[in-house]
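**Q** I'd like to ask some things about the structure below.
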Amino acid sequence: MAISAFTGAVRVSGTLELGARRLNLSSGRLRAITDAARRALPGWAMPAQAADWAGMRTLSPDGLPYIGPVPGAPGVHVATAHATLGITLAPLTGGCSPICCSMAATARRGAPSIPAAPPGASASPNFGAGA
């Protein structure tokens, strides 16, 4: 379960369904998330106007996000496939320098060390190559 505070609201979330093709809500999962929030936040009451919703979470086959320039599209960059960590990693991703991209690419390849980043490095060595 994750709890995110926003102006005038609190978001309580806690599921990731791999392979889902529809945005169906499970009443059992919603109940489990609500129960967990009540245990984590004693005295918290579910708002009368709760907004239950589902959204797709993108993730890559190896779990590392795709960050960097889009091959063949000058000036276009992406930062996607953060799975359950999009809000958590947004500040780091937004400020991602070439060294961050190089580190992610190194981790994806399973290389033992982190090389100096070339200008315009991408988080995925296979990004844009149909991987």
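The values are calculated or read from the model by the stated rules, or taken from the named source; none is laboratory data. Everything numeric here is computed off the predicted structure, so don't read it as measured data. No Cβ is skipped: glycine too gets one built from the backbone with ideal geometry, and neighbour counts run over all protein chains shown.
**Q** From Arg38, Arg108, grab the single residue that is assigned to a helix (DSSP H, G or I), surrounded by 12 or more Cβ atoms within 10 Å (Cβ to Cβ) and modelled with pLDDT of 80 or more.
**A** So the residue among Arg38, Arg108 that is assigned to a helix (DSSP H, G or I), surrounded by 12 or more Cβ atoms within 10 Å (Cβ to Cβ) and modelled with pLDDT of 80 or more is Arg38.
**Q** Here is a list of conditions, (1) over 25 Å from Met1 (Cβ atoms); (2) touching a helix residue (DSSP H, G or I) at 6+ places or on another chain (Cβ under 7 Å); (3) at pLDDT 80 or above, and Pro119 meets all of them except one; can you say which number that is?
**A** (3)
**Q** Can you find even one residue in the range 55-77 that is at pLDDT below 85, out of contact with any helix residue (DSSP H, G or I) (no Cβ under 8 Å at 6 or more places or on another chain) and among the acidic types (Asp, Glu)?
**A** Looking for residues that are at pLDDT below 85, out of contact with any helix residue (DSSP H, G or I) (no Cβ under 8 Å at 6 or more places or on another chain) and among the acidic types (Asp, Glu), one finds none in the range 55-77, hence no.
**Q** Quick check on His82: is it modelled with pLDDT under 85 and in contact with a helix residue (DSSP H, G or I) (Cβ under 6 Å, 6 or more places away or on another chain)?
**A** Judged against the criteria, His82 is a match.
**Q** Of the numbered conditions (1) within 17 Å of Leu89 (Cβ to Cβ); (2) over 20 Å from the mean Cα position of the chain (by Cα), Gly28 satisfies every one except a single condition; which is it?
**A** If we test Gly28 against (1) within 17 Å of Leu89 (Cβ to Cβ); (2) over 20 Å from the mean Cα position of the chain (by Cα), just (1) comes out false.
**Q** With the structure loaded, tell me whether Ala2 is under 29 Å from Gly94 (Cβ atoms) and outside the structural domain of Gly86 (by TED's automatic domain parsing) or whether it fails that test.
**A** Taking the combined requirement at face value, the residue satisfies it.
**Q** Related question: Consider the range 71-90. How many of its residues are on the phi > 0 side of the Ramachandran plot and exposed (fewer than 15 other Cβ atoms within 10 Å of the Cβ)?
**A** 2
**Q** Another question, if that's okay. Inspect all residues belonging to the range 56-79 and state whether any of them is of a type in the set (Gly, Ala, Ser), assigned to a loop (DSSP other than H, G, I, E, B) and under 13 Å from the mean Cα position of the chain (by Cα).
**A** yes
**Q** Moving on. Is there a residue being touching a helix residue (DSSP H, G or I) at 6+ places or on another chain (Cβ under 8 Å), surrounded by 14 or more Cβ atoms within 10 Å (Cβ to Cβ) and without any contact (Cβ under 8 Å) to a residue 24 or more places away in the chain anywhere in the range 14-31?
**A** Yes, the range 14-31 has at least one match.
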